[in-house]
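Notes follow the structure.
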Amino acid sequence: MDIAIVKYNAGNIYSVVNALRRLGVEPLLTDNAEQLRKADRVLFPGQGEARGAMEYLKARRLDEVIRDLKQPVFGICVGQQLLCRHSEEGDVDCIGVFDAVVKRFTPQQHEEKVPCMGWNSLHHVKGPLFEENTYVYFVHSYYVPLCSDTAAEANYILPYSAAMHKDNFYACQFHPEKSGKVGEQIIKNFLAL
């Protein structure tokens, strides 16, 4: 099975590469449109800033390539956010697979810190990748509100989309590659789709 990871202007991609290698998979890290189209599975991970990431993707027309992929695609962290229609981070239009606007957390009380960092549980889970009440690791300042594509919820300041699913697109705000055995199983579930 050919597994491609989208290479773009984002950090933390190598933690996903290493997670796949631990599972015995050697992924291809690429920003080549043809290689992405030919892969059996595509992962779209990353940490970073939405505007800079979208500028990189649009300059190479990878936003269009990703939107048109037919095989299973898995967006992780900023990858989930970039699959949405728009992000408040940098006030930028994104890829538009999910019809949602990414918003910045606004603390309501002193103890609510942004970014949200740490372990949180998944609730109201739908779809084949995730399990109810499992703990996963998050680091993020922006979130996707609950919507029709929400596949799992988490709660920090307010309930939000911890994971999303639409057609062949799967995504999560948390980091499965940093979520121990639970995260490893989520990646295995994606590869087994």
**Rg/Rh ratio calculated on Cα atoms of the chain (Kirkwood radius)** = 0.93
**Request:** Please report the relative contact order for the range 88-193, taking Cα pairs under 8 Å with a sequence separation of at least 6, and give it as a percent rounded to a whole number.
**Result:** 23
**Request:** As a check on your grasp of the helix formula, calculate [θ] at 222 nm for the chain: sum -39500 (n - 2.57) over DSSP H runs of n ≥ 4, divide by the residue count, round to the nearest 500.
**Result:** -7000 deg cm²/dmol
**Message:** To the nearest 20 Debye, how big is the dipole of the range 65-193 about its Cα centre, given +1 on the beta carbon of each Lys and Arg and -1 on that of each Asp and Glu?
**Reply:** 240
**Prompt:** Which percent, nearest 5, of DSSP beta bridges in the range 38-135 are antiparallel?
**Reply:** 35
**Request:** Could you list which residues have their amide H under 5 Å from that of TYR8, counting only those 5 or more apart in sequence or on another chain, with H placed in the peptide plane?
**Result:** none
**Asked** Assuming R0 = 25 Å, what is the FRET efficiency of LEU23 and ASP167, from their Cβ-Cβ distance, to the nearest 0.05?
**Response** 0.50
**Message:** Need the C-alpha centroid separation for the range 1-41 versus the range 56-88, integer Å.
**Reply:** 14
**Of LYS38/LYS166; LYS126/LYS178; LYS113/LYS166; LYS7/LYS181; LYS58/LYS113, pairs whose Cα-Cα distance is over 27 Å** = LYS113/LYS166; LYS58/LYS113
**Request:** Please identify, among GLY11, GLY183, GLY90, the residue showing maximal mean-square fluctuation in a Gaussian network model of the chain using a 10 angstrom Cα cutoff.
**Result:** GLY90
**Asked** Which of ALA171, ALA53, ALA162 moves the most in a Gaussian network model of the chain with Cα springs under 10 Å?
**Response** ALA53
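None of the figures in this text is laboratory data; all of them are computed from the coordinates on show. Every value quoted in this text rests on a predicted model; they were computed, and no experiment measured them. FYI the Cβ positions are ideal-geometry reconstructions off the backbone, even for glycines, and counts take in every protein chain you see.
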